1. Scan (1) out of contact with any Phe, Trp or Tyr (no Cβ under 8 Å at 6 or more places or on another chain); (2) more than 25 Å from A:Leu607 (Cα to Cα) for the single condition B:Ile23 breaks and write down its number.
2. Collect the residues in the range B:56-106 that are at pLDDT 85 or above, within 14 Å of chain A (Cβ to nearest Cβ) and within 14 Å of B:Ile41 (Cβ to Cβ), keeping them in residue-number order.
3. Within the range A:594-625, restricting attention to residues that are of a type outside the set (A, V, I, L, M) and loosely packed, with under 10 Cβ neighbours inside 10 Å, which residue is farthest from the other protein chains (Cβ to nearest Cβ)?
4. Could you please let me know if A:Asp110 is surrounded by fewer than 24 Cβ atoms within 10 Å (Cβ to Cβ), among the acidic types (Asp, Glu) and assigned to a helix (DSSP H, G or I)?
5. Looking at the structure I just gave you, is A:Ser397 buried (at least 24 other Cβ atoms within 10 Å of the Cβ), of a type in the set (Ser, Thr, Tyr) and either modelled with pLDDT of 85 or more or under 20 Å from A:Tyr503 (Cα atoms) (or both)?
6. For the range B:24-40, which residues satisfy the criterion of being part of a helix (DSSP H, G or I) and in contact (Cβ under 8 Å) with a residue 24 or more places away in the chain?
7. Taking the range A:182-197, which residues are part of a helix (DSSP H, G or I) and farther than 14 Å from A:Ala219 by Cβ?
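The values are calculated or read from the model by the stated rules, or taken from the named source; none is laboratory data. Computed from a prediction, not measured in an experiment: that's the story for all the values here. Cβ coordinates were reconstructed from backbone atoms using ideal geometry, including for glycine residues, and neighbour counts include every protein chain displayed.
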Amino acid sequence: METNLALVLLLSPFVGFLFNIFFGKKVSRTVSGAIGTFTVVVSFLMSICFFAQLNQNGKAIELSLFDWISVHNFKLDFGILLDQLSLLWLLFVTGIGSLIHLYSISYMHDDEHMHKFFAYLNLFVFFMITLVVGSNLLVMFIGWEGVGLCSYLLIGFWYKNQDYNDAAKKAFIMNRIGDLGFLIGMFILATMFSTLNYSELKHAVAAGDVNTALLGVAALCLFIGATGKSAQLPLYTWLPDAMAGPTPVSALIHAATMVTAGIFMITRMNFVFDLTPEIQNIIAIVGAATALVAASIGLLQNDIKKVLAYSTVSQLGLMFLALGLGAYNVAVFHVITHAFFKACLFLGSGSVIHGLHGEQDMRKMGGLRKAMPITYITMLISTLAISGIFPFAGFWSKDEILMVAFEHNKVLWVVASIASIMTAFYMFRLMYLTFFKDFRGTEEQKHHLHESPSLITIPLIILALLALVGGAINLPGSTWLNHFLEPILVAKHEEHALGSNEYMLMGIALAGALVGIAMAYAKYIKQSFVPKEDAAITGFNKTIYNKYYVDEFYTFLIVTPINGLANFFRTTLEPALGKAVFSLGSAANGLGTQGKKLQNGNIGLYLFVFVIGVCAIITYLFIAQ
Amino acid sequence: MNNILNQIGIENYIFLSVLLFCIGVFGVLYRRNAIIVFMSIEIMLNAVNLLFVAFSTYHQDAEGQVFVFFSMAVAAAEVAVGLAILVSVYRNLGSIDIDNLKNLKG
């Protein structure tokens, strides 16, 4: 029974994918979208069932579907593990996935390839579920690769634009670099423990007598895998470009779910990372640096989706900071609240873009507050949440990260706090530029301004509500999430007694956010500042606007040399090799042409040659003797 | 038998055989008429047969003579086939000049 329900949970979106890819064209767009949505809702309902059951009896379910690999002493099942961690992830992946599917029915309705869009989206959900529920690293890897593939397909969904195709390829290749790390880490673990099953690995590691140096290498490799998927330094550059995809894709894949896969994986393998404090340090530093760098780039972006993209990278950095400090439950908490408000923000920006018929530049927006009140209010709630304003969801989760950072390392705390202030600033900059003052677009756009249809606003409202109250799952004092996650984590997380220190930190975080908001208010409301045209940006601002030229640096460091090498092979080596091979051929040909003349049908000549040959052989035999 | 060999000497048989063989070779090389070429081949064959028989006697061993019987039998069959081919060629081409057989060229 459990196996069947779990299979329904896993395969339902896959059925949706098959339907949409094979029959999607034959049915109307609404039907195609409805079926795509329905299959994900089914998964969501199954997840709720399992979650309720687990919440009651606290017993994780591990199912083995079939023997997958059995070589010598290495044995691997294709197994499903439904425990606290995977069910949490399932709930928000399928839950937010359902909302975004619903939203897409309206958002993508004018696209002629809508059935393909839903097919890819369903396939993505299927692979994401595979990633989450696998009971060993190899099953997770299948999902890991699968979501990468779907991300590629969806970023390049409007494939007629070459820039979008390039963005898709960039995302795919950047992810491959990380995947290589994942693979190597997996191989090392398999060599060390002859298993990849989580519980067996956990026992093997707990049994002690482990080569910590080798384990550290494995942990580092796994972390490299996570930096690729979760867009951390130095592999983060694909995520902002990934905004080329349709906005629901950005919301689902590149904000709420897929990019949190790295955090999921590290939380899953927490027993490995706990034994390698050096790697944890690296994770914390990389996380904090990413948070700061991405936030600073976000300060000056003018594309509404790019701002959100950099804010995602920055928030992911904060999560990694928490992971690196061993506070896995805090990271998971922030993943969940972030999924709510970031999905809401992306969907809201999608609603704005929809209302403006594809305009993404904030310099050409403004004053949308009156035309799109629901979008405005929901986005405002989410912005308050991401900025960390009491009592929205983001306040609680971000505050916990800052608290953990303060306990462990003051420098990291300062960096994270600065990143948070920047977050508040650029998010309110986005709000002010988009919704306040006067409309700066064309008259025609102004004429057509309207609130989006209810299929778009309903998911927005639900997500905004969640962003409002989502923090309740782990309030200081009633830490439901911490207790829930206890069976997963090896190191026990000590409870905070709410002392004056904690209240002071909360106050500082809140004050920082308010400062950021006030600065944005002063600049964009009081002074009515509108960002300049691209050409007019100078000085350090230009460096930031151009993302610190990281892309150009990578191009210079890696892409250009590879292109040069390829060019060398193409223009020099390949013709040379080709010439060598061709000359062999023509030599044989020439020899044949000459030899052909011998066989001219003159029997006298044949006989003569024959006799000469015999004479020569006889002579040779005489001489040889 | 020995008497004959003693009187004449094995080397003369060899000379005769070589001479016959060379005649055959030159006949094959220089004549255009297929029948003469064919006869020349037979001469070469018989030169070898002669050598066989001579050495057979010289070594007091009958095996060489047995071989000659075989080769003569085979040669008889071969002559029959060869002549049949020549007749056929003549019927087709109206001549048996080997230079006219260029149609066989690949």
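1. Status for B:Ile23: all satisfied but (2).
2. B:Ile85, B:Leu86
3. Here is the first cut: in the range A:594-625, the residues of a type outside the set (A, V, I, L, M) are A:594-597, A:599-602, A:604, A:606, A:608, A:610, A:613, A:615, A:619-620, A:622, A:625.
Narrowing further to those that are loosely packed, with under 10 Cβ neighbours inside 10 Å: A:594-595, A:597, A:622, A:625.
Working: A:Gln594: 16, A:Gly595: 12, A:Lys597: 12, A:Phe622: 14, A:Gln625: 17 Å.
Ranking the qualifying residues of the range A:594-625, first place goes to A:Gln625.
4. Values: surrounded by fewer than 24 Cβ atoms within 10 Å (Cβ to Cβ): yes; among the acidic types (Asp, Glu): yes; assigned to a helix (DSSP H, G or I): no.
No: the conditions fail for A:Asp110.
5. Values: buried (at least 24 other Cβ atoms within 10 Å of the Cβ): yes; of a type in the set (Ser, Thr, Tyr): yes; either modelled with pLDDT of 85 or more or under 20 Å from A:Tyr503 (Cα atoms) (or both): yes.
The answer is yes for A:Ser397.
6. B:Ala34, B:Ile35, B:Val37, B:Phe38
7. From the range A:182-197, those part of a helix (DSSP H, G or I) are A:182-193; that's our starting set.
Of everything in the range A:182-197, those that are part of a helix (DSSP H, G or I) and farther than 14 Å from A:Ala219 by Cβ turn out to be A:Leu183, A:Ala190, A:Thr191.
For (1) in contact with a helix residue (DSSP H, G or I) (Cβ under 8 Å, 6 or more places away or on another chain); (2) among the hydrophobic types (A, V, I, L, M, F, W, C), each residue gets a yes or a no:
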residue: A:Glu359; (1), (2): yes, no
residue: A:Pro373; (1), (2): no, no
residue: A:Ile386; (1), (2): yes, yes
residue: A:Phe428; (1), (2): yes, yes
residue: A:Tyr432; (1), (2): yes, no
residue: A:Phe439; (1), (2): yes, yes
